[in-house]
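The values are calculated or read from the model by the stated rules, or taken from the named source; none is laboratory data. Note that the coordinates shown come from a computational prediction; the quantities given were computed from them, not determined experimentally. Here the Cβ is made from the backbone with ideal geometry for all residues, glycine too, and neighbour counts use every protein chain on show. The area values use the complete protein model at the heavy-atom level, side chains included, leaving out ligands, DNA and RNA. Shrake-Rupley method; radii C 1.70, N 1.55, O 1.52, S 1.80 Å.
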Amino acid sequence: MSDRFDIIVVGGGPSGARAALAASAQGLNVALIDEQSAIGGQVWRAKNASILSAPKTHETRAGDALRRDVLASDITHIEGARVWQIETGWTLHVLRKDVSSELTCKSLVLATGAREYVQPVPGWTTSGVLGLAGATALFKQSLTPPGKRTIVSGTGPLVFFVASEIRRLGGEVAAVVTPNSRRDWMRALPSMLGRPALLMRGAIWVADLMLAGVPIYWQRVVTDVSGDDQVRGVSIAKLDQNWARTSEDIMLAADSLCLGNGLIPNIEAAHMLGVPIRHDHALGGWIPETTEDGGTSIDRLYLCGDGTGIRGAEAAAHQGTLTGLCAAADLGHGTVNLQKQAKAKWLKSARFGMTMTALSIPRVGQAQLTTPETIVCRCENVTRATIEAELNAGAQSSNAIKSGSRAGMGPCGGKFCATAIAQLIAQQSGAPVANIPPATPRPPLRPVPLSIAAGSFDYDALPIPKPAPL
Amino acid sequence: MIYDTAIIGGGIMGCGSALRLAQGGQRVIVLDQGDLGQGASGVNAGTLSLQIKRVKLMPYALKGHACWEAMGKAVGFAKTGGYTLAFNAREAALLQERQTLKAQAGAPIEFVSNNQLRNGEPNLTQQVVSASYCAEDGYANASLTGQYYLGKLRDAGIEYRERCEVTAIERDKNFKLTTPQGTINATRILLAAGAWLKPLAALMDVHLPVQARVNTVTVTERMPPLMSTVIGHATGLLTMKQKANGTLLIGGGWQGLGTPQEGRGRVSVDTVRPNLALAQYAVPALGTARILRSWTGFEANVPDFYPLAGVLPGVEGAYVLGCVRGGYTIGPYISQLMGDYILGREPELPLFDPGRDFKEGTI
Ligand SMILES: Cc1cc2nc3c(=O)[nH]c(=O)nc-3n(C[C@H](O)[C@H](O)[C@H](O)COP(=O)(O)OP(=O)(O)OC[C@H]3O[C@@H](n4cnc5c(N)ncnc54)[C@H](O)[C@@H]3O)c2cc1C
Ligand SMILES: Cc1cc2nc3c(=O)[nH]c(=O)nc-3n(C[C@H](O)[C@H](O)[C@H](O)COP(=O)(O)OP(=O)(O)OC[C@H]3O[C@@H](n4cnc5c(N)ncnc54)[C@H](O)[C@@H]3O)c2cc1C
């Protein structure tokens, strides 16, 4: 395998794979790198080989189509490979099977997707609690439900999808709990009518739950998870329009809980490379600044998919095609016509996706669910009270909170606590979260063993500059 | 409102000076373009080592160590002792020459036998040819600097403003500093802007020959105990220690990319790699530790690598403090001297005239 490409795409989800296909179809030499073992990303994740005979779902079909297209193309697909460092000009350091290699390209496309946000509540780190989106990965890969009796809680359509999947896989859904009201959904209806197929799928999920007698608690939220070694039950309470709790808790028994509060774009790679970021609630929070066709302020760096704002799988795929075409065109390959078509499709599907994202936009009351004793940073075990003590001592920024409390200094690099911390700073200072940027991102993009980062070396060949002045 | 002294830069130099001036009865304000203590003072490797201090700065470093010891737990201080290693004959000769001079300057540095070394640090490589030891060495936790000084300023009732960049300085009867938070008036000013001293002094048409280095530091995940002291290399190109929580901090002044003017530095793989290779060479068991973060910080210096500490040349009432090699170690002390000087007192040890001829070796 050569290590030089015209274009490297990082991320083999719908967006990155489509970007790679579009650029490859223009005759460019393209590599597609993903840390998973198969193309598909979060949403169209492939099943484990052992369960390939399981029934096909909408997701597996879409994923299979994408995997077939990539297989039939000239794309160099580098699977199970983690990009841990990117240098401008483009050299990528890629960790695969305990070996790090360097790949170079003329243009780089980042399609790093999204991750899940979970608003910390007391007990959310108890064993048996899963992310709502994270649970879908479990279903797709291994076809197992999270427990015997599961409570499914979260915002947007995902909560119904997850609940119906659990039932399909033979698990019991004790209840669906969603902060959204029926009214939120009525408001979303007009833009859903333009996508009858998707609306239909959603209706089937809800109908299935209702027929099975699964209680759906609208405009409610999980306030507490009980259980020492394993989830025993959860408390839920009613919310007002601003998602502040208005009622006493009631207890529901369960041995597992899926909990999620929407998705956050994975912006670290772009942010580290110097792409300016801005805050947009409607797109999931902090996003890198891009042009509509994926260009950035940095020469030959392109971004697409949920990493540029949460618009859903379909939009991610179209945006990928558009971005791949533009990256190819900038290298002198391709036509404007295809770009126009892709852009029109993208804009249409993005409108629908953003309607779904809107159901997960955090509201002011949400931060109160994180009580003083609740752990906010899981990696370093930092509670809200500790963070508030820093705030009271004068810390005013994500960086200052991180330095003072270690929140965000663990292996995840603050990916999972940054949002909750910004909320706390916002609350205390009265500033909007849009004024509270995340802490400075630090390389590597993924933890790497020191021996691999160091590479092989010969002591006598170490470049030892002249010693410091005496 | 006219402050007695406005301090531009809220790193260790600016905050330390502010505390001294306030003790002396002055009304001071500290201004920082970012957050307090998030410049070099907040991102450095935190090594408090006499073994890597310059000979002529040793008296300041010894006093600095005493200051850190007094600050104690609040800054994550630990006196662990430290070894400096040589892996070949050339390095051993360098070590011998340098540590002898440093010991003569007052640092309690001794050479140790292979057995003593192995007793102290059993996980070290067998490749060590020669090693020196200093019981005074240790570290503090640089990320706590901002928090610590912020608390001290508050306790002392000293005003400070964050996200308050000084963009223009006018001088008539008083100094008038333009900031996004309004104009600040002060009788005196102290420039303590670290790697940004050059553009800051340029606002008053003073040329300071300040250059910036872009030092890199790397931290690993938590590991079982691998070392108990601060470990360095004869060339100064490696410093490492394991914190109480098990994480390992690896530095050594390897250069990243970027300039202070651009705002942020960038880690360069080309320099991180040899830094980590050297660390792994010294302690082979480090190989399995996962790297969590690397970062850079800007360290300022002038051509002779001695501090700027005194009157800003040609501007009455303006002072400058910065460019101190090993400035984290020496900062808490030299900032007291600076405070005393501004208060009109005789400093305990001499300062370093910013108006000197940097090429002549006048120090
Ligand atoms: C856990 C999870 C589950 C989801 N499940 C569903 C669902 O069931 N249904 C639904 O409609 N939506 C789901 N979503 C939303 C869905 O992710 C997006 O709408 C869609 O997948 C976006 O496509 P994408 O190509 O932009 O990103 P993704 O599909 O997220 O693809 C990004 C890819 O980049 C790879 N990657 C990122 N960084 C690196 C790196 N440094 N090195 C190597 N590879 C890297 C990741 O492994 C990933 O495969 C889920 C989201 C998450 C976070
Ligand atoms: C990565 C690294 C590792 C190091 N390791 C060690 C070590 O192990 N041991 C050791 O002793 N020393 C070490 N040093 C050196 C030490 O950190 C510095 O000498 C010391 O922190 C400098 O302090 P300072 O206050 O002068 O600068 P800084 O801490 O950089 O403070 C200057 C402040 O001025 C502010 N500022 C700049 N311009 C303006 C303006 N126009 N208006 C308002 N504010 C402004 C900045 O925001 C900044 O906060 C290291 C340095 C670095 C960078």
Between residues in region B:1-12 that are within 14 Å of chain A (Cβ to nearest Cβ) and touching a residue at least 40 places away in the same chain (Cβ under 8 Å) and residues that are assigned to a strand (DSSP E or B) and away from ligand 1 (no atom under 16 Å from the Cβ), which pairs lie under 8 Å by C-beta distance while being six or more apart or on different chains?
B:Gly10/B:Val30; B:Gly10/B:Leu31; B:Gly10/B:Tyr160
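Where residues in region A:152-204 are in a strand (DSSP E or B) and of a type in the set (Val, Ile, Thr), which of them is surrounded by the most Cβ atoms within 10 Å (Cβ to Cβ)? Reasoning before the result, please.
Of the residues in region A:152-204, the ones in a strand (DSSP E or B) are A:152-154, A:172-178.
Next cut, of a type in the set (Val, Ile, Thr) only: A:152, A:173, A:176-178.
Values: A:Val152: 33, A:Val173: 25, A:Val176: 25, A:Val177: 26, A:Thr178: 26.
Selected residue: A:Val152.
Could you tell me which of the residues B:Gly46, B:Gly64 is open to solvent by less than 20 Å² (accessible area, probe 1.4 Å), within 30 Å of B:Gln127 (Cβ to Cβ) and not hydrophobic (A, V, I, L, M, F, W, C)?
Details: B:Gly64 fails: within 30 Å of B:Gln127 (Cβ to Cβ).
Going through B:Gly46, B:Gly64 in turn, the sole match is B:Gly46.
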Go through the residues of region B:8-28 one by one and say whether even a single one is open to solvent by less than 10 Å² (accessible area, probe 1.4 Å), among the polar types (S, T, N, Q) and farther than 13 Å from B:Tyr328 by Cα.
yes
When residues of region B:140-181 are filtered for being of a type in the set (Phe, Trp, Tyr) and either in a loop (DSSP other than H, G, I, E, B) or open to solvent by 20 Å² or more (accessible area, probe 1.4 Å) (or both), how many remain?
2
Of the residues in region A:81-114, those that are open to solvent by 30 Å² or more (accessible area, probe 1.4 Å) and within 9 Å of ligand 1 (Cβ to nearest atom) come to A:Arg82, A:Thr112
Scan region A:58-80 residue by residue and report those that are open to solvent by less than 30 Å² (accessible area, probe 1.4 Å) and assigned to a strand (DSSP E or B).
A:Ile78
Just to be sure before I move on: is B:Ser335 open to solvent by less than 20 Å² (accessible area, probe 1.4 Å) and within 11 Å of chain A (Cβ to nearest Cβ) in the structure I sent?
no
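Go over the candidates B:Thr220, B:Thr216 one by one and state the one that is open to solvent by less than 10 Å² (accessible area, probe 1.4 Å), within 8 Å of chain A (Cβ to nearest Cβ) and under 25 Å from B:Gly82 (Cα atoms).
Values: B:Thr216 fails: within 8 Å of chain A (Cβ to nearest Cβ).
The match here is B:Thr220.
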What's the total number of residues in region A:212-226 that are surrounded by fewer than 18 Cβ atoms within 10 Å (Cβ to Cβ) and in a loop (DSSP other than H, G, I, E, B)?
3
Among the residues of region A:370-385, is there at least one that is part of a helix (DSSP H, G or I) and modelled with pLDDT of 95 or more?
yes
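Out of all the residues in region A:457-470, is one or more under 30 Å from B:Arg163 (Cα atoms) and either at the interface with chain B (Cβ under 7 Å from one of its Cβ atoms) or among the β-branched types (Val, Ile, Thr) (or both)? Before you say what the answer is, go through the steps one by one.
To start, the set of residues in region A:457-470 that are under 30 Å from B:Arg163 (Cα atoms) comprises none.
Checking region A:457-470: not a single residue is under 30 Å from B:Arg163 (Cα atoms) and either at the interface with chain B (Cβ under 7 Å from one of its Cβ atoms) or among the β-branched types (Val, Ile, Thr) (or both).
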Residues of region B:1-15 satisfying the condition of being near ligand 2 (Cβ under 8 Å from one of its atoms) and on the phi < 0 side of the Ramachandran plot:
B:Ile8, B:Gly10, B:Gly11, B:Ile12, B:Met13, B:Gly14, B:Cys15
Only one of (1) under 22 Å from A:Ala253 (Cβ atoms); (2) surrounded by 22 or more Cβ atoms within 10 Å (Cβ to Cβ) does not apply to A:Gly128, and that is (2)
Check A:Ile425 against each of (1) open to solvent by less than 30 Å² (accessible area, probe 1.4 Å); (2) modelled with pLDDT under 95 and name the one condition it does not meet.
(2)
If I ask for residues that are assigned to a helix (DSSP H, G or I) and surrounded by fewer than 22 Cβ atoms within 10 Å (Cβ to Cβ), which ones from region A:399-422 would you list?
A:Asn399
In region B:266-302, residues that are open to solvent by 20 Å² or more (accessible area, probe 1.4 Å) and assigned to a loop (DSSP other than H, G, I, E, B) total 1
I want to confirm something. Restricting to region A:445-456 and keeping residues that are facing chain B (nearest Cβ under 7 Å) and either aliphatic (A, V, I, L, M) or assigned to a loop (DSSP other than H, G, I, E, B) (or both), which single residue is nearest to B:Ala289 (Cα to Cα)?
A:Leu450
Expected output for region B:340-363 (first residue outside the structural domain of B:Ile330 (by TED's automatic domain parsing), partner assigned to a loop (DSSP other than H, G, I, E, B) and of a type in the set (Phe, Trp, Tyr), Cβ below 7 Å, 6+ apart or cross-chain) is B:Phe352/B:Tyr306; B:Ile363/B:Tyr306
Condition test on B:Met204, is it over 25 Å from the mean Cα position of the chain (by Cα), of a type in the set (A, V, I, L, M, F, W, C) and either assigned by TED's automatic domain parsing to the domain that holds B:Met240 or modelled with pLDDT under 95 (or both)?
no
Failed item in (1) touching a residue at least 24 places away in the same chain (Cβ under 8 Å); (2) within 11 Å of chain B (Cβ to nearest Cβ), with A:Ile375 passing the rest:
(2)
Does at least one position in region A:311-323 carry a residue that is farther than 28 Å from A:Ala244 by Cβ, open to solvent by 10 Å² or more (accessible area, probe 1.4 Å), in the same structural domain as A:His279 (by TED's automatic domain parsing) and outside any helix (DSSP H, G or I)?
yes
Out of the residues in region B:303-322 that are open to solvent by 10 Å² or more (accessible area, probe 1.4 Å) and away from ligand 2 (no atom under 14 Å from the Cβ), which is nearest to B:Ile29 (Cα to Cα)?
B:Gly317
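Working carefully through the options A:Ile250, A:Ile277, find the one that is hydrophobic (A, V, I, L, M, F, W, C), more than 10 Å from ligand 1 (Cβ to nearest atom), at pLDDT below 95 and open to solvent by 10 Å² or more (accessible area, probe 1.4 Å).
Working: A:Ile277 fails: at pLDDT below 95.
Of the residues listed, the single one that is hydrophobic (A, V, I, L, M, F, W, C), more than 10 Å from ligand 1 (Cβ to nearest atom), at pLDDT below 95 and open to solvent by 10 Å² or more (accessible area, probe 1.4 Å) is A:Ile250.
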In region B:192-206, what residues are surrounded by fewer than 24 Cβ atoms within 10 Å (Cβ to Cβ) and not in a helix (DSSP H, G or I)?
B:Leu203, B:Met204, B:Asp205, B:Val206
For B:Arg325, work out the one condition from (1) open to solvent by less than 50 Å² (accessible area, probe 1.4 Å); (2) closer than 26 Å to B:Gly253 by Cα; (3) not in a helix (DSSP H, G or I) it doesn't fulfil.
(1)
